[in-house]
Each structure stands twice: as C-alpha cells, then as structure tokens.
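K.L.:
Sharing a structure with you now.
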C-alpha cells in the first residue's frame, strides 16, 4: 500500500509540473526561445515608430532589459521572479498582446501632434 501511495504521489507531482494551473494556458517547453522570439517581433514593430516617441523609448528599454534576463537566467522559476509578471507563459502572452498594441500605435501614429488644440483644463486632475 505504501508503494502504491508513493507511486500516486510521484505521478501527481509529475502532472503538476505539466500544467500552468491557468485554464487554456499550457506549459511552454521552449519558453526561453519563444519569449525571445516574441520580444524580437516586438522590437521590429517598435523600430518603425519614431525614436522620439515616449512609448517606443520606454517599451524598448523594458524589452531590452527582459531580453537580457531571458538570455542570462536558465532557471524558469528564477526568471519568472526576476521579471515579476507571473508565470513565463503569461509573460509570453503579454508580449503577444504588446505586439498588437504596438501595431495599433503605429497605425494610429499616436506620436503626431493633436489635430486641434486640447481644451483648456483637459489635463488637470481632479476635475472640479
């Protein structure tokens, strides 16, 4: 009976390592490579946005920092802790969403000046 219980615990532990615990988000066996691939795709989109754009500057800075972390930290758990944005599979998903956001910013040319002057007090908070 102890042997059966031991085998059950080992099998259960193995199953836990094969799931993210998040519905619809599967364990990525090639997380390092896939995250670097998504960050590379994001950097290519950012290169099309003018360098004076605050979005490009701040996003490039963050992504370069994270790319360095991915390249220097082989342990997934430690990498997740250093990035601080959840499981590595979630970070990969976030990178994919950021690519979509960057493409929308590129399409809308959000760095361009406003077409007309903003109403007075628009940027004041709280609104009184």
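Please treat every number below as a calculation from the coordinates, not as lab data. All of these numbers come straight from a predicted model, not from anything done at the bench. With ideal geometry, Cβ positions are generated from the backbone for all residues, glycine too; neighbour counts draw on all protein chains shown.
K.L.:
Output the peptides 79-87, 118-126 sorted from most to least packed, where packing is the average of other Cβ atoms within 10 Å over each peptide's residues.
P.N.:
79-87, 118-126
K.L.:
Once both labels are modelled 7 Å past Cα along the beta-carbon direction, what's the residue 109-residue 81 spacing in nm?
P.N.:
If labels sit at residue 109 and residue 81, their model points lie 4.8 nm apart.
K.L.:
Okay, moving on. Rg over Rh of the chain, using C-alpha atoms and the Kirkwood radius, what does it come to? Each step should come with its number before you reach the end.
P.N.:
Values: Rg = 21.3 Å, Rh = 17.9 Å.
With Rh from the inverse mean 1/r over Cα pairs, Rg/Rh is 1.19.
K.L.:
Same structure again: Using alpha-carbon pairs under 8 Å, 6+ residues apart, how would you state the relative contact order of region 38-109 in percent?
P.N.:
Here the relative contact order equals 43 percent.
K.L.:
Also, I was wondering about something else. Plugging the Kirkwood radius over Cα pairs into Stokes-Einstein for region 36-109, at a temperature of 4 °C and a viscosity of 1.567 mPa s, what D comes out in µm²/s?
P.N.:
Roughly 102 µm²/s, to the nearest whole number.
K.L.:
Multiplying the sequence separation of residue 48 and residue 123 by 0.36 nm and subtracting their Cα-Cα distance, what value in nm do you get?
P.N.:
Gain on stretching residue 48 to residue 123: 24.2 nm.
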